[in-house]
1. Taking only pairs six or more apart or across chains, which ones have beta-carbon atoms under 9 Å, a first residue in the stretch 54-74 that is free of Cβ contacts under 8 Å to residues at least 40 places away in the same chain, and a second residue that is assigned to a helix (DSSP H, G or I) and of a type outside the set (V, I, T)?
2. Return the pair list, or none, for Cβ contacts closer than 6 Å from residues in the stretch 27-51 that are over 15 Å from F10 (Cα atoms) to residues that are of a type in the set (D, E, K, R) and not in a loop (DSSP other than H, G, I, E, B), at least 6 apart or on different chains.
3. Of these, F94, F61, which one is surrounded by 10 or more Cβ atoms within 10 Å (Cβ to Cβ), at pLDDT 75 or above and hydrophobic (A, V, I, L, M, F, W, C)?
Amino acid sequence: MMKKDPFKSFQSSPEIIRLVVMMYVRFPLSLRNVEDLLHERGIDISHETVWYWWNRFGPMFAAENRRKVNQTGLTGEPKARKVSYGKRLPREPFFDRGARACGAHGL
């Protein structure tokens with residue numbers, strides 16, 4: 001089963017849409033500032049288009065970025081696998097319902 005292309009019905013390229021949305025999200029710019037910056041670079045779109053693309057594609061780009069960070073970490077290198085010791089680490093003190101310290105020291 002093929003995934004549906006979310007950019008199919010748009011005349012602008014996916015790279016331009018991604019650039020616009022990421023500029024608006026990443027930098028503290030208003031919609032009109034993004035419009036002006038793109039106009040200086042020869043891309044003629046309105047601030048309403050920026051808003052529409054941000055609402056339509058912003059969650060999709062955020063999910064992609066979140067997935068990439070979860071897989072590689074912020075550095076871009078693969079994450080080391082975590083070692084699981086069960087619910088708590090050995091020799092870690094814990095508190096029972098009586099709020100007394102129990103565990104490693106046997107108090």
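The values are calculated or read from the model by the stated rules, or taken from the named source; none is laboratory data. Note that this is a predicted model, so its numbers are computed, not measured. Glycine also receives a Cβ, built like all others from the backbone with ideal geometry; neighbour counts cover every protein chain displayed.
1. W54/Y24; W54/L31; G58/Y24
2. That search, which allows pairs on different chains as well, returns H47/R32; H47/E35.
3. Values: F94 fails: at pLDDT 75 or above.
Selected residue: F61, the only one of F94, F61 that is surrounded by 10 or more Cβ atoms within 10 Å (Cβ to Cβ), at pLDDT 75 or above and hydrophobic (A, V, I, L, M, F, W, C).
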